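The values are calculated or read from the model by the stated rules, or taken from the named source; none is laboratory data. Here the structure is a predicted model, which means the values were calculated and not measured. Glycine also receives a Cβ, built like all others from the backbone with ideal geometry; neighbour counts cover every protein chain displayed. Calculation scope for accessible area: heavy atoms of the full protein, side chains included, ligands and nucleic acids excluded. Shrake-Rupley method; radii C 1.70, N 1.55, O 1.52, S 1.80 Å.
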Amino acid sequence: MLSLTIVVLVSAAAGFVVWANDKRHTRYGMGLPAGIAVAVGAFSWIIFMAAGFGYLPGLTWIPWILPMVLGTAAAIGAVIYLGRTRTRQDTMRLTQALKL
């Protein structure tokens, strides 16, 4: 359980760092990238532990490191997608409002 706790804490921190470094972070909530990172990290940790990677010599790093990397990658992907999509939608709505 210590590894899950560390995965959750590091994934949450990585999600907040990703949010802070995004130039379009005003378009979505502060907790969204952190939440996505934690969800992906915890879910992948559960899958890796259920698959038995936590007990194989030489492969015990997989449930420790890989979930944190996957959570961070998911947060980055979500930020890129949401930033572009929300910016485009906000621009379209503003354009429609100004045409009235």
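Being within 19 Å of G71 (Cβ to Cβ) and of a type in the set (F, W, Y) is the filter; apply it to segment 47-61 and report the residue that is most open to solvent (accessible area, probe 1.4 Å).
Ranking the qualifying residues of segment 47-61, first place goes to W61.
Does A42 fit the bill of being buried (at least 19 other Cβ atoms within 10 Å of the Cβ) and either in contact (Cβ under 8 Å) with a residue 24 or more places away in the chain or of a type in the set (K, R) (or both)? Outline the logic, then answer.
Details: buried (at least 19 other Cβ atoms within 10 Å of the Cβ): no; either in contact (Cβ under 8 Å) with a residue 24 or more places away in the chain or of a type in the set (K, R) (or both): yes.
Taking the combined requirement at face value, the residue does not satisfy it.
So which of A97, A75 is in a helix (DSSP H, G or I), open to solvent by less than 70 Å² (accessible area, probe 1.4 Å) and farther than 22 Å from L9 by Cα? Break it down into steps so the answer makes sense when it comes.
Values: A75 fails: farther than 22 Å from L9 by Cα.
Answer to the selection: A97.
Residue by residue, here is whether (1) in contact with a strand residue (DSSP E or B) (Cβ under 6 Å, 6 or more places away or on another chain); (2) closer than 16 Å to T5 by Cα; (3) of a type in the set (D, E); (4) touching a residue at least 40 places away in the same chain (Cβ under 8 Å) holds:
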{"site": "R24", "(1), (2), (3), (4)": "no, no, no, yes"}
{"site": "F48", "(1), (2), (3), (4)": "no, yes, no, no"}
{"site": "L56", "(1), (2), (3), (4)": "no, no, no, no"}
{"site": "W64", "(1), (2), (3), (4)": "no, yes, no, yes"}
{"site": "M68", "(1), (2), (3), (4)": "no, yes, no, yes"}
{"site": "A74", "(1), (2), (3), (4)": "no, no, no, no"}
{"site": "Y81", "(1), (2), (3), (4)": "no, no, no, no"}
